[in-house]
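Computed from the coordinates by the stated procedures, all read-outs in this text should not be read as laboratory data. As the structure is a computational prediction, the values presented were derived from the model and not from experiment. In this analysis, Cβ positions are derived from the backbone assuming ideal geometry, glycine residues included, and neighbour counts consider all displayed protein chains.
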Amino acid sequence: MNKKAFVMAFITIIIWGSTFAAIRASLHGGYSSGHLVLTRFLIASGAFILYALWPGTKFRLPEKQDLFKILVLGWIGISIYHTGITFGEQTVGAGATAMIVASAPIFTAIIAIFALNEYPSFFGWIGLGVGFIGIFLITLGTAGAGFNISSGALLIVMATIATSIFFVFQKPFLIKYRPIELTAYFTWAGTLPFFIFLPGLIHDLQSATLEAHLSAIYVGIFPAAIAYVTWAIALSSGKAGAVTSMMYIEPVFAILVAWIWLQELPSLLSVAGGVIAISSVILVNIFERKRRVSS
């Protein structure tokens, strides 16, 4: 992975790592899951509309032949993913949610083989495997904090597979469109199904706490808008499998934020798993870089 892809992916992971605690804070503060996901993506969609209409911004609309694929990817990567995450976090803690989502590199690497003909090196596969072990250890470490094979966990697994598909199949569009344009298209498309949650929204907004509102605004602007742009830039600059391997370190930031914000204390086993996960990212990038130089 080159420097640009690494920096953009790292920035994204830091922002996304804070998302899970912020979602929990909004859910605890009076938002229902449906109203929260609708609110955050109305904010994100509004931000992209302002950008597109800003004087001097050269913002292009998608070509007609790409509209259907963009709609489908928006529904998969935005609608299905965020519905699964937000409803799943009703019963699954912020740290455990991040750990399940961090298994995305495995799915992404497998899908990228068939869709993009991107084959990891031998050491790349080892790095992915080591990262999976790290995620497994973190999951075991949070078992006592509420991680169960429940409907919530299954929703998060569904969301993880959806985001893996999204990461792989958006990459070809990055050749034609700028990252911020493509992210705007996906956000607008993915927001449309959320209008099913519109009834009762005003009541939720009136009864929610200030912390819940601030958290909703934060997840609407930063994780839902800015971070998706930086992630698209990373994907456009590197291989999908290598870039997505950065998600292995997302639980580290998620656990840290949840610890400070929600007092969800990580266990020593979780910390050990986080160290292994970080090591796997380093392993993947070192050996992929060596393979690229030698070839």
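Structure above, values below:
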quantity	calculated
Rounded FRET efficiency, nearest 0.05, which uses the C-beta distance separating residue 61 from residue 133 and R0 of 45 Å	0.50
Computed [θ] at 222 nm, helices only, for the chain once each DSSP H run of length n ≥ 4 contributes -39500 (n - 2.57)	-23000 deg cm²/dmol
Lysine pair count for the chain [Cα-Cα under 28 Å; pairs on different chains or 8 or more apart]	25
Using a Förster distance of 45 Å, the FRET efficiency for residue 49-residue 269 (Cβ separation, nearest 0.05)	0.50
Extension gain (nm, one decimal) between residue 279 and residue 4, 0.36 nm per residue minus Cα-Cα	97.0 nm
Among 82-91, 186-195, 121-130, the order from most to least packed when residues are scored by Cβ within 10 Å on average	82-91, 186-195, 121-130
Ranked packing of 217-228, 50-61, 66-77, 11-22, most packed first, by mean Cβ within 10 Å	11-22, 217-228, 66-77, 50-61
P(r) of the stretch 1-120 over all Cα-Cα pairs, binned every 10 Å from zero, in whole percent	10, 30, 38, 21, 2
Distance histogram for the stretch 1-72 (every C-alpha pair counted, 10 angstrom bins, percent rounded to whole numbers)	15, 26, 39, 20, 1
For the chain, convex hull of alpha carbons as volume per residue, Å³	127
